[in-house]
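Notes to accompany the following structure.
The numbers here are math on the coordinates, done by the rules we state, and not lab data. Computed from a prediction, not measured in an experiment: that's the story for all the values here. Don't worry about glycine lacking a Cβ; one is built from the backbone with ideal geometry, like all the others, and counts go over all protein chains shown.
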Amino acid sequence: MKFITLTLGAALLAAASLPAAAQLNVDDAWIRATVPGQKSTGAFMTLRAQADTRLVGAQSEVARSTEVHEMRMDGDVMRMRQVEAVPVPAGQAVELKPGGYHIMLMDVHRQMKTGEVVPLTLITESADGQRHSQQVDATVRPLTTARDGTPHAAPAMKH
């Protein structure tokens, strides 16, 4: 019985000493729906970590290529570019949202239809340089989803 207790205690101690960066909390993960033939779309979510970490990549079985991107104003032009990483400071919420940081799914293999759930793998890096993978399920939302993640209402028509 002592051996089992010691083994269990060692396992619990080892689990408690895992880097906190492996404990990424992901809320409200979603992907914008696509139309037939559309080859790219974005994934969005809110990230929180218990210790400083960085989002350094993502993968998905539905896309040939997946990159972390940023959209920002450059003078009067909105530009999108791939970024090396998105910092996730300890205890702070970091939003991946339309018009800002997001995950770009490129060369998607099929149409993303509203309501389906798509698996994503997030790749993070802790302050000590260790990389961690985490599976996330993202729900596909309509094309008309606003920057804040809510559906746009259809505009009123005047005759």
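Which of the peptides 73-86, 97-110, 45-58 is most tightly packed, and how do the rest follow, judged by the mean count of other Cβ atoms within 10 Å per residue?
My ranking of the peptides, most packed first, is 45-58, 97-110, 73-86.
Would you mind getting me the FRET efficiency between Met78 and Asp52? Use the beta-carbon distance for r and R0 = 22 Å, nearest 0.05.
The pair Met78/Asp52 has a calculated efficiency of 0.15.
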